[in-house]
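The values are calculated or read from the model by the stated rules, or taken from the named source; none is laboratory data. The structure displayed is predicted, hence computed values, not measured ones. Glycine gets a Cβ as well: all are built from the backbone with ideal geometry, and neighbour counts include every protein chain shown. Keep in mind that these areas ignore ligands, DNA and RNA; they rest on the heavy atoms of the full protein, side chains included. Shrake-Rupley method; radii C 1.70, N 1.55, O 1.52, S 1.80 Å.
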Amino acid sequence: MQGTGKFALERLADGLATRHGLGARERQALLALPGSVVRCRAATEIAPGDGDARVHFVIEGLLASARQLAGGRRQVSALYIPGDLCGLDRAVAPRRGWEVCASCDSLVLSLSRQAVTGIAQEHPPIARALWGETALQAGITAEWLVGLGRRDAKSRLAHLLCEMGLRLEAAGLGSRQHFRLDASQALLADVLGLTSVHVSRTLQELRGEGLAIARGRIIEVPDWPRLARAAEFEPDYLRPALAAASPPAAMMTVQGTGQATLG
């Protein structure tokens, strides 16, 4: 594999090695994975909800895993940024009804289920690393579930902005105070279980309180600790995702909240 595909495999191997302590042998095995680079236009399906079991490594853009319901209703269960693996759960247990879409023009490395499960069987450390990545996503999903069930709209949106800011910062795609989130208000509504109008109103509320400012797809956070307090944000569930970041990027302190410090 040459060019963009080779670069993507190097990013994948480096990320898994850093987060999960893989050695040179496992890294070489990951670099030998067969795959194809796919360009995806915004709002197009990458994995339709028909039981497709490919795994996608995000090179550029933003992917969303969603369940389409009757009447055009949709619930988004996960967002995947560059450096994330999307579809590991489907590789183990393909299921129908869930689709993966590009929320903006995106670039992914597509890997077959057989290749991913094969390398995991041959290299137990890689299997543990992929298990760890799946557990990380499950932890994020659990936090979203808490938000859907128990947080009001303001703290729900604030929590998502805190999470995405830290994840994008760790990926080298901005800082928690200033980052690009390539998600429309309609997509945010499908993540948060709100309407687009409610998301717009809540963004205005956060802006009015000096907590977060949305300028198109650019999010500015004037006072990140205040936003984290408003969200009751505790970052421990993101610790594996932040492991590859440099020490300054991985550090987080929320003053005066009694919440954990991550670093």
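Here are the numbers for this structure:
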{"item": "Residue match in segment 114-124 (condition: touching a Ser or Thr at 6+ places or on another chain (Cβ under 8 Å) and either surrounded by fewer than 22 Cβ atoms within 10 Å (Cβ to Cβ) or within 19 Å of Ile59 (Cβ to Cβ) (or both))", "result": "no"}
{"item": "Residue match in segment 210-219 (condition: closer than 25 Å to Leu130 by Cα, among the hydrophobic types (A, V, I, L, M, F, W, C), at pLDDT 50 or above and in contact with a helix residue (DSSP H, G or I) (Cβ under 6 Å, 6 or more places away or on another chain))", "result": "no"}
{"item": "Residue within segment 167-176 that is modelled with pLDDT of 95 or more, farther than 16 Å from Asp84 by Cβ and over 16 Å from the mean Cα position of the chain (by Cα) present", "result": "no"}
{"item": "Checking Leu79 against (1) open to solvent by 10 Å² or more (accessible area, probe 1.4 Å); (2) hydrophobic (A, V, I, L, M, F, W, C); (3) not in a loop (DSSP other than H, G, I, E, B), the condition it does not meet", "result": "(1)"}
{"item": "Residue check, Cys101 modelled with pLDDT under 95 and either closer than 25 Å to Leu203 by Cα or crowded, with 22+ Cβ neighbours inside 10 Å (or both)", "result": "yes"}
{"item": "Sole residue being of a type in the set (Gly, Ala, Ser), in contact (Cβ under 8 Å) with a residue 12 or more places away in the chain and either touching a Leu at 6+ places or on another chain (Cβ under 6 Å) or open to solvent by 50 Å² or more (accessible area, probe 1.4 Å) (or both), chosen from Ala91, Ala129, Ala66, Ala70", "result": "Ala129"}
{"item": "Any hit, segment 154-167, residues being crowded, with 16+ Cβ neighbours inside 10 Å, in contact (Cβ under 8 Å) with a residue 24 or more places away in the chain and not in a helix (DSSP H, G or I)", "result": "no"}
{"item": "Sole exception among (1) modelled with pLDDT of 95 or more; (2) within 22 Å of Leu181 (Cα to Cα); (3) buried (at least 21 other Cβ atoms within 10 Å of the Cβ) for Ile46, by number", "result": "(1)"}
{"item": "Of all residues making up segment 75-98, the number that are under 18 Å from the mean Cα position of the chain (by Cα) and either among the basic types (Lys, Arg) or modelled with pLDDT under 90 (or both)", "result": "4"}
{"item": "Pick from segment 15-38, criterion of a type in the set (D, E, K, R) and modelled with pLDDT of 95 or more, ranking: surrounded by the fewest Cβ atoms within 10 Å (Cβ to Cβ)", "result": "Arg25"}
